[in-house]
2 protein chains.
Amino acid sequence: MLSKNQIKEIQFLHHKKHRDLEKNFIAEGMKFCDELLKSHPVLIKRLYGTESFFSTRQQWLQQSAVPHTVVDDDTLKKISLLDTPNEALAVVHYFSEVPAAVDFSTQFTLYLDDIRDPGNMGTIIRLADWFGMPHIFASRGSCDIYNPKVIQASMGAAMRVRVHYRDLEQVIHAHGITRVFGALLNSPSIYQKSLAAGLIVIGNEGKGISASNLPLVNEPLSIPAAAGNGSESLNAAMATSIIVSEFFRQLRA
Amino acid sequence: MLSKNQIKEIQFLHHKKHRDLEKNFIAEGMKFCDELLKSHPVLIKRLYGTESFFSTRQQWLQQSAVPHTVVDDDTLKKISLLDTPNEALAVVHYFSEVPAAVDFSTQFTLYLDDIRDPGNMGTIIRLADWFGMPHIFASRGSCDIYNPKVIQASMGAAMRVRVHYRDLEQVIHAHGITRVFGALLNSPSIYQKSLAAGLIVIGNEGKGISASNLPLVNEPLSIPAAAGNGSESLNAAMATSIIVSEFFRQLRA
C-alpha cells in the first residue's frame, strides 16, 4: 500500500513544474504500461497496478525486475487523472535527449506551431508513428509531451516519436530546409500540388500558423472543401492526418 | 437571474434521458450560439449569455426575437459542462426528422459502427460537413449526437449534418447500397484501390467493425503504415479523416 506522502508525490507529477524537477512523468493505462514493460522496462521508475493486472504479467516482471507496487482501486483512483483508472499506472523517467535525425532531402516531418490541446498533440504523435516520422518538431508554446493526457492519447507512440521543442527558424537553419509547407487560405489544393520532402507546419487550433512563422512558409497548400460546405475549418489533428496522408501517398506509398 | 429550479432544469439536459424527454439539448460556446442566432434562431428555446456577449449582438437578437436571459459568470458556470464556460449557452430544440437523402449511385457517406468517444463523434461530424456529407449513419450504440461534448466538438457542424441512427443492414437494404467499404487488416491500400460511391463503415475505437457487421463489408481497404512503425492503429477519427480525404480526392477533387 501507499503512504499519504507517496500518493502526494505521484500526484505532483500531474503538474509540469514538478515533472521537470523530478524528470519523471506518469503513463496510464494497460496498453502503455504493457509496452513499457515489454520494450522499455529500464524507463520505469515504479509500476503501480491492481492485483489482477500483475497476476497476468508475472513473467515480464521477473524478466525485467521492474520495481512495482500492488495498489487497490481506491489508491489507483487517487493517483490517476482518469475518471475510470485503467488497472495500471507507471512513473516513468523522461526520455533521454537525442539529436533530431531527419534527412530533409528525402524525408518529410511536422512542425507543430502552438498545438495546445493534449488530445490533438497525442493523436498527432500517434499519426507520426504510423506514417514513419520518428522525429517531429514543436514550438515552445505547444503542449508538453509529458502531459498525462498527451501520453494517454498517444497510446504508446510517445515512446517512439521524439518531439523536439525549437523555434521554427532555428529548425529551418539547423537542417538547411528549403521547402516549408503550411496550410493557408487560397492556396493550391494538396491533391493537385506536387508534394516533396520538407517540413510541414501545422497551425494552432484557433489561430492557425503564428504571424511570426507565416513568412517562413514558402510552399502554401490547402485542403479543399466540398462546394457549399458550412464549416470554416477542420479540427487541427484531423487536418494534420489528411495532409500527412497525402504526403505519404505521393512520396512513399 | 435564474432560480434554483431553472438552473436544475438546464443541468438535467446534461443527461440523455432528460434530453429525450424534453427534446431539448444544450449548445455551448460563442461560435455555436452565434451560428444558431444567425442561421437557425427558431431552434433556440432560450439563450443564456453574459452581459458582454449580448451587448455585441443586439441587432441579431432584435431581428430574431430569440428568448434570452443575461446571466453572471457564476450562474453560467453552474449550467455549463465546461471548466471554463464560453460566455454563452443555448437550450435548443431537437432537430426535426428528415429523410436520409443520399444518392448512393454517385455519392459516398459514412456509417459509424459504435463510435463511443464524443470528441471523435463531434470531429467526424465536422469532417462530414467539410467534405460534403450532409447525411451520415450511425449504429444505435454510437454516441448521442445531442451529447454536449459532441455538440461542442462539432463546432456548429451538428446543425448541418444529420446523423441517422439505424442498423447497418437496414441502411444497406433501404438504399439498395452495393458497395460497402470498411477498414480491415490485410486489405488493399486506399491509395492503390479504386474507390467508388458507396457506404464507408468506420469501426469502434477499440474493437473495430462489429462481428455482426463484418460480413456486410464487401470492399475491404486499409491505410498502409510506414515500414517498421510501432503503432497498431490510428485514432478512429484520424483514420476516418484519411479515408474520407482519399475518397474525396479520387471521386470529387
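The values are calculated or read from the model by the stated rules, or taken from the named source; none is laboratory data. These numbers come from a predicted model, not from an experiment. Using ideal geometry, Cβ is built from the backbone for each residue, glycine included, and neighbour counts are taken over all protein chains shown. Each accessible area value is taken on the protein alone, full model and side chains, heavy atoms only, with ligands, DNA and RNA left out. Shrake-Rupley method; radii C 1.70, N 1.55, O 1.52, S 1.80 Å.
Name the residue that is least open to solvent (accessible area, probe 1.4 Å), counting only residues in region B:160-209 that are within 14 Å of another protein chain (Cβ to nearest Cβ) and within 30 Å of B:K38 (Cβ to Cβ).
B:V161
Of the residues B:I172, B:I177, B:I124, only one is at pLDDT 95 or above and within 23 Å of A:I242 (Cβ to Cβ); which?
Being at pLDDT 95 or above and within 23 Å of A:I242 (Cβ to Cβ) holds for just one of B:I172, B:I177, B:I124, which is B:I124.
Can you tell me which residue among A:K17, A:K4, A:K8, A:K45 is open to solvent by 70 Å² or more (accessible area, probe 1.4 Å) and within 22 Å of A:P118 (Cα to Cα)?
That would be A:K17, the only listed residue that is open to solvent by 70 Å² or more (accessible area, probe 1.4 Å) and within 22 Å of A:P118 (Cα to Cα).
Condition first: open to solvent by less than 10 Å² (accessible area, probe 1.4 Å), at the interface with chain A (Cβ under 8 Å from one of its Cβ atoms) and part of a helix (DSSP H, G or I). Now tell me which residues in region B:142-159 satisfy that.
Of everything in region B:142-159, just one residue is open to solvent by less than 10 Å² (accessible area, probe 1.4 Å), at the interface with chain A (Cβ under 8 Å from one of its Cβ atoms) and part of a helix (DSSP H, G or I), namely B:A157.
When region B:120-141 is examined, which residues are found to be surrounded by fewer than 21 Cβ atoms within 10 Å (Cβ to Cβ) and under 11 Å from the mean Cα position of the chain (by Cα)?
The answer is B:P134, B:H135.
Each row is one residue, and each column tells you yes or no for (1) within 23 Å of the chain's Cα centre (by Cα); (2) facing chain B (nearest Cβ under 9 Å); (3) at pLDDT 95 or above.
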{"position": "A:A211", "(1), (2), (3)": "no, no, yes"}
{"position": "A:P215", "(1), (2), (3)": "no, no, yes"}
{"position": "A:L221", "(1), (2), (3)": "no, no, yes"}
{"position": "A:G230", "(1), (2), (3)": "no, yes, no"}
{"position": "A:N235", "(1), (2), (3)": "yes, yes, no"}
{"position": "A:A239", "(1), (2), (3)": "yes, yes, yes"}
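For region A:90-110, indicate whether the set of residues that are within 12 Å of chain B (Cβ to nearest Cβ), more than 10 Å from the chain's Cα centre (by Cα), closer than 30 Å to A:P67 by Cβ and open to solvent by 40 Å² or more (accessible area, probe 1.4 Å) is non-empty.
For region A:90-110, residues within 12 Å of chain B (Cβ to nearest Cβ), more than 10 Å from the chain's Cα centre (by Cα), closer than 30 Å to A:P67 by Cβ and open to solvent by 40 Å² or more (accessible area, probe 1.4 Å): absent.
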